[in-house]
Amino acid sequence: MASVTASTTPLTPRASKPGISGEAVSVGDGLLEKQAIAAGAAPPHTGSLARRMMLIAAGWISILLLLGGFALDRTLAGLVTRQFDDQLNYVLTAMIGSAEIGPEGEVYFNRLLGDQRFLEPNSGHYWQISGDGHDVYPSRSLWDRTLEVHDVGNDFQPYYYDSKQFHNEPLRVVERTIMLPESNTKWHFVVAADRQGLNAQIAQFRWILVWSFAVLGIGLLLMATMQIFYGLSPLRRVRLAIARIRTAGANRVTDPLPLEVQPMVEELNALLAHSEKQAEEARTHAGNLAHALKTPLTVLTNAASAHAPDLDHTVLREAAVMRRQVDHHLARARAAGRRSVGFARANVLDSAVAVQRAVSRLYPDVRFDIDGSKNSEVAIERQDLDEIFGNLIENAAKYGGGSVFVTVDAEPEKRLCRVWIEDDGVGIPSKDRKSIFARGARLDTEKPGTGLGLAIVSDVVHIYGGNVSLHESEDLGGLLVQLDLPRAGN
């Protein structure tokens, strides 16, 4: 009895076989079909998209209006205040230009100031001149009061500030220190004015800013609402189109939609087309199964009606035929169902080793050799991959001469994962390599079999978007089955 070996150590795969003799017949289109994600249970919603957009719009509008209003308020308040300060500085300059030193060192004006408000007591407009060692020289509007002087240094520049030294009369003050000709005294010139009028102007334009920005904010929110309603209207049209598919029998979304929504509609139409294809495949499978069972049932009916003496043998034979047909169509249905779920992944070497162990029990005299990458994975369910290898490896053991070689990922640079299954049998003639994949096709009728193994392999591989082709083995001289299977994504 020959020893059974299964080498699973990753070795360098056998070289590509560009010189394979005979006609290579490829079954399947060889292209990776796009796997659609089946619709599962509807997830809980995360809230209204329109409300989310409105909250974002309202938040940004509020922030921008507040920042803009604050900046505009500071700008206008500073502008009005500077104008008020310029008026005070004008009076201060006129005072300095009119001031002279008297015989006793006192200060006086060589001409009167023209503003009558400085002559009316408590008029809200005041000036004052003071110096060390000299009496204060105030305006008549101060009456019996004096202005506090802030010694701001010797820079001789105007100094502006607010003062609350008079009860219920906030003041805006400009002060400047001057050295007059023929005098060694530092004279402090001070001009003050009631800033209630200034505060009233600031309060007035602030009120205008508040209501105008409020109107602007409401207008922007209304515009955002209209924009959201109009912008999301295509989604409502998509919902109505889907409802028509469910209720009116439409099979596609054909409404003209914006470019941003069109990709989603195209994916939806692709999903509908995929579903239609699956439904059509299911109807085809059902029709094929019904057609395949019709003949055995007719044979059984005729045998039973004629009271045939070999009825029991006829029942067993036709029941076996029906069982094979049912198994064949169930394998196709299972593969199609699993592929539609997506995200399938199976290790090629693990599947091949597991199948080899099972087949070696049926064919203990056959020598098995499995070689290739341990890490190669394909986008096929493990159960379907086992069924593919089970049919091919068992056929190689059954019809070969005693040796079976399996090479996993024979050409790693290929887009598809290439697997070679070789035997040392007589092979299959080139003219028969196409017809052998038909249901029930058998070249060796002396050995037991159903003729459905290669048909099942072809169907399952095609469903997953792969290829299967037959060649002549250069190493063993028998048949080489080449599988091109879609690699699993990372």
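The values are calculated or read from the model by the stated rules, or taken from the named source; none is laboratory data. Note that the coordinates shown come from a computational prediction; the quantities given were computed from them, not determined experimentally. Glycine gets a Cβ as well: all are built from the backbone with ideal geometry, and neighbour counts include every protein chain shown. All accessible areas refer to the heavy atoms of the entire protein, side chains included, with ligands and DNA or RNA removed. Shrake-Rupley method; radii C 1.70, N 1.55, O 1.52, S 1.80 Å.
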Listed residues I178, I63 arranged by accessible area, highest first, probe 1.4 Å:
I63, I178
Sort W211, W143 by heavy-atom solvent-accessible area, probe 1.4 angstrom, most to least.
W143, W211
Any residue on another chain or 5+ positions along whose placed amide H is under 5 Å from the amide H of A488 is listed here as E377, V378, A379
Given labels modelled 7 Å from the Cα in the Cβ direction, how far is it in nm from L311 to T146?
14.2
Here the residues of the stretch 210-243 lying in the modelled label zone of L72, meaning backbone nitrogen under 14 Å from a point 7 Å along Cα-to-Cβ, are 210-220
With 14 Å as the cut-off, how large is the P(r) tail for the stretch 363-414, expressed as percent of Cα-Cα pairs?
60
With the contact rule set at Cα under 8 Å and sequence spacing of 6 or more, what percent relative contact order holds for the stretch 121-256?
19
Return the ratio Rg/(2.2 N^0.38 Å) for the stretch 76-168, where Rg is computed over Cα atoms only.
1.15
Accessible-area ranking of F389, F229, largest first, probe 1.4 Å
F229, F389
A convex hull over the alpha carbons of the stretch 115-160 yields, per residue, a volume in Å³ of 96
